[in-house]
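Here's the structure, in structure tokens; my notes come after.
A short reminder: the numbers here are calculations on the coordinates, not readings from a lab. As the structure is a computational prediction, the values presented were derived from the model and not from experiment. Cβ placement follows ideal geometry from the backbone for every residue including glycine, while neighbour counts extend to all protein chains displayed.
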Amino acid sequence: MPSYGLTKRGTRFLLLAIVLCFVLPGILYHRETVRNYFNGHLPPLYEDYRGREQDLEHYKEYETRKDVKYLWSANHAHSSGWGNVMQDYVMNALLAHTTGRSFVFDDYIWKPDGSLFTDYNGHLIPSRIPLTALLGGKYNMVNLRVYSPLTDCSRRRVSKNFFNKVCPHPTVVQVKEINDDRMRFDESVPASYIFEKWLEKINSIEDPCVEIDPASDQIFEYWIFGHERMLSIWQYLKDSPVSTHWGWSPLIHDAYGRNRHIFELNTKSTLFGGLSASAVAENHTAPIPGLLALHVRRGDFKDHCVHLGKWSSNWNAFNMFPEFSDRFQRPTDGGWGETSEKNMQMYMQRCFPTIDQIVQKVTQVRAESEQPLTHIYIMTNGVVAWVDELKEALGNSGNWDQIKSSRDLDITWEQKFVVQALDMLVAQRSEVFIGNGWSSLTSNVVMLRMAQGFLPDSNRFW
Ligand SMILES: Nc1nc2c(ncn2[C@@H]2O[C@H](COP(=O)(O)OP(=O)(O)O)[C@@H](O)[C@H]2O)c(=O)[nH]1
Ligand SMILES: [Mg+2]
């Protein structure tokens, strides 16, 4: 090796300098990842949940039955937040349910490359989470019956692995066989029309095994969820067990029980929330008296709200029920990457409100609420210092019995990576909810509240 006049010591020094300059900053940036790695404190793999999913009690019976039909939406959403994945899941489950087919479920996937963990902003998260760590409940629970009004037969849900075993050669459907450009892009085509075309297609297939090609786009693409035309689905969704009997997993209910004092006044929390809840059957959808839940969407929304403003984006569909008093008038003088200062201010106020704007809205909503509002739960992905400031400002603005936030939760390591579902459960049960019109997480909460009989005007928006 040429020495370029360097002594052995000089070469070593140079190598050390290179390591310090290039490797050390990387290690520092990913220090939590590295620390967790060496600590062995890796994200959970939810092996118990995965194990149970692979051996549900009805599988043995289903293996022998010839009349059970399946729908495996292998094109399901992944690699995005739970709100976006859930809205796609709801539509796939609704299609399976309405065609009398067993719904085939998969993991909630952040990275579909076969890895166990993914680096997310410098810390590790699970690359995939078994769906039953998030969902459960009477109808969502994969081992309970789902009754189809069309076929009057019961179909329980099965895992992807079970489907692959009983359906080695399924009929594969491409989304573009049904969704033409008019259905996709013409805003005058209601989503119910797309849904009905799919009912026709799936009902015309004799094969018990149907798979939607994994390489296909989603049947309802994201811009359809962000347009009023999605509301036409409500006629199918509102009475379907998919929405009326939506249920969260025992893991989420345990987290609720542990933190009950944060959501309910004058109650005690239990370390084993789920156990206490099962002793006295708990109504998991009953309103929590006096609770005002706020969805204060932060983090990536800082830039995202600017982007939404520049492109004059509309709200998510289920935030746009015509009965709501908080509406959004999409500006018609902006879009295509540019908008006026006035429009942008309006977008920021409603999408990324300041502490003062939040306080103002909360005061107004409290004054207008038919039910007395006594305490606040702030669901948020905001940073602790900012959330503390917000709590203080809210506390100074009114006589609240309690103000708590997502940052006050006491949760287990397994609960940490699915905690957004706990926030959704609390918002779903709050007496009044103020959400973010552009957020799919808000939209799913509002959809569930509407299906479960909350007054339309208990859903408010920034
Ligand atoms: N715990 C918690 N996480 C949130 C909240 N809002 C957003 N997040 C996180 O950010 C993601 C939101 O993305 P997504 O679910 O796609 O909803 P959207 O981006 O608001 O449409 C969630 O999956 C959470 O990880 C919140 O209020 N509470
Ligand atoms: Mg998102």
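Some values worked out for this structure:
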read-out	value
Farthest positive-ward along the chain dipole, Cα basis, beta-carbon charges - from S240, T363, F163	F163
Within the range 249-461: Cβ-based charge dipole about Cα centre, in debye rounded to nearest 20 (Lys, Arg +1; Asp, Glu -1)	160 debye
Sequence-distant aspartates and glutamates (8 or more away, or on other chains) whose Cα lies within less than 15 Å of K197	E177, D180, D181
Global form of the chain, assessed from the alpha-carbon gyration tensor, a/c cut-off 1.5	rounded
Cα centre as origin, Lys/Arg/Asp/Glu Cβ charges: the range 352-443 dipole, Debye	140 debye
Point-to-point label distance, D181-V306, nm (Cα→Cβ direction, 7 Å offset)	3.4 nm
Two-site FRET efficiency, Q329 against E63, from Cβ-Cβ distance with R₀ of 45 Å, rounded to 0.05	0.25
Inter-site label distance for R407 and E370 at 7 Å from Cα along Cβ, in nm	3.5 nm
Cβ-derived FRET efficiency at R0 30 Å, T171 paired with H78, nearest 0.05	0.85
Three-way shape call for the range 47-243 based on the alpha-carbon gyration tensor, with the a/c threshold at 1.5	oblate
Packing-based ranking, highest mean first, of 253-259, 203-209 given that Cβ atoms within 10 Å are counted	253-259, 203-209
Segment L265-V384, extension gain: residue separation times 0.36 nm, minus the distance between their alpha carbons	40.5 nm
Leading residue at positive end of dipole, the chain (Cβ point charges), from V306, V446, Y46	Y46
Relative contact order of the range 159-235, defined on C-alpha pairs under 8 angstrom at six or more residues apart (%)	46 percent
Positive-pole candidate from Q87, V419, N399, dipole of the chain, charges at beta carbon	V419
Mean Cβ neighbour count within 10 Å, used as a protection proxy, ranking 225-231, 110-116, 82-88 highest first	82-88, 225-231, 110-116
Between the range 91-134 and the range 404-438, the alpha-carbon center distance in angstrom	19 Å
DSSP beta bridge pairing in the range 47-243, given as percent antiparallel to the nearest 5	40 percent
Antiparallel bridge percentage (DSSP; both residues within the chain; nearest 5)	25 percent
Cα gyration tensor, the range 249-461 - rounded (a/c under 1.5), prolate or oblate	prolate
Cross-link pairs K111/K361; K176/K238; K201/K416; K302/K361; K268/K416 - those with Cα-Cα distance over 29 Å	K111/K361; K201/K416
The chain, dipole about Cα centre (Lys/Arg Cβ +1, Asp/Glu Cβ -1), debye to the nearest 20	1060 debye
